[in-house]
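Down below is the structure, laid out as structure tokens.
The values are calculated or read from the model by the stated rules, or taken from the named source; none is laboratory data. What you see is a predicted model; the values in this text were computed from it and never measured. Every residue, glycine as well, gets a Cβ built from its backbone with ideal geometry; the counts of neighbours run over all protein chains shown. Remember, those area values only see protein heavy atoms, side chains included, never the ligands or the DNA or RNA. Shrake-Rupley method; radii C 1.70, N 1.55, O 1.52, S 1.80 Å.
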Amino acid sequence: MNRWFNRRSAGWWLGILLVVGLVVWVVTDLAIPRPHSIRQFDPNSVARIETAIWRSYVNNGRVSLYRQLAGGLRSQFNTPYWRSYGLAFQASRAAFVLKEGNTPADYEAAVPLLLDYYTAVKRLSGESFDPQAMARLDVEAWAMHRNRGRYSYDDLARILAQSAGKLYGLPPARFADYGVLRAQAIRQYDEARRRNPVPKEADWQRMEQQLHWAWQSLSRVLALDRLERAGRVAK
């Protein structure tokens with residue numbers, strides 16, 4: 001009897017320790033600031049993840065999009081585990097609010113979600129951008145994309161370059177190539193959807209390649225900025 005009681009007690013204590021350990025992990029992950037850079041990533045991996053996210057978006061796959069966002073935040077930007085899911089929840093909710101919206105008032109509903117998202121990114125990354133401005137630019141870019149009769153892909157390229165400049169605190173002109181390449185990927189997406197509500201595999205492959213070039217261009221700009229900063233520090 002004593003032996004059985006001791007085994008049972010040991011099991012209870014082990015369970016308690018596991019629960020306490022999990023709680024400590026979650027609280028530490030969510031509460032303790034641990035800055036992570038958003039300036040270094042693998043362009044090919046980001047393009048692959050983003051293409052998968054676009055696929056989920058087309059198929060209305062909310063759960064898969066949410067998981068892909070969280071996984072991308074962890075693998076490419078070293079976002080802590082539990083925080084990655086919080087960020088992904090905000091971003092994925094905003095994405096579907098925008099998708100389901102039809103008017104400027106509908107799009108406005110995404111601003112608070114994007115504001116929370118960018119505020120969390122700013123806290124994690126240590127960047128000095130304005131979260132409100134980033135949220136507004138995202139909504140403006142979306143509205144521009146939806147209003148094809150009023151705006152061109154060149155207009156979209158400019159706002160994408162402006163958004164990148166705001167995020168990284170650099171002149172938007174440095175991101176002009178990124179903006180053009182990304183706008184071209186979006187154009188490919190639009191044209192593929194016009195041909196077929198669900199793009200074919202070859203279409204997705206072309207989009208992924210285009211996104212790879214866009215992210216590669218962005219990565220080069222950030223690498224050059226690091227070299228320039230290092231040079232200024234050395235002087």
- [ ] For region 33-74, just say rounded, prolate or oblate: build the C-alpha gyration tensor, square-root its eigenvalues into a ≥ b ≥ c, call rounded for a/c under 1.5, and beyond that prolate if a/b exceeds b/c, oblate if not.
- [x] oblate
Task: Where region 111-204 is the region considered: accessible area per residue in Å², 1.4 Å probe - done: 50
Open item on the list: Students often forget the sequence filter, so: which aspartates and glutamates lie under 13 Å Cα-Cα from LYS200 once same-chain residues fewer than 8 apart are removed?
Closed with: ASP190, GLU191, GLU208
Task: Nearest-0.05 FRET efficiency for SER152 and ASP106, computed from C-beta distance (R0 22 Å) - done: 0.45
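Among rounded, prolate and oblate, which fits region 155-235 when a ≥ b ≥ c are the square roots of the eigenvalues of its C-alpha gyration tensor, a/c under 1.5 means rounded, and a/b larger than b/c means prolate?
Prolate.
Which shape class applies to region 48-113: rounded if a/c is under 1.5, otherwise prolate when a/b exceeds b/c and oblate if not, where a ≥ b ≥ c are the square roots of the Cα gyration tensor eigenvalues?
On the way: a/c = 2.70, a/b = 1.54, b/c = 1.76.
The shape class here is oblate.
Over region 64-185, with every protein chain in place, what whole percent of the accessible area is carbon and sulfur at 1.4 Å, could you tell me?
For region 64-185, the apolar C and S fraction of the accessible surface comes to 52 percent.
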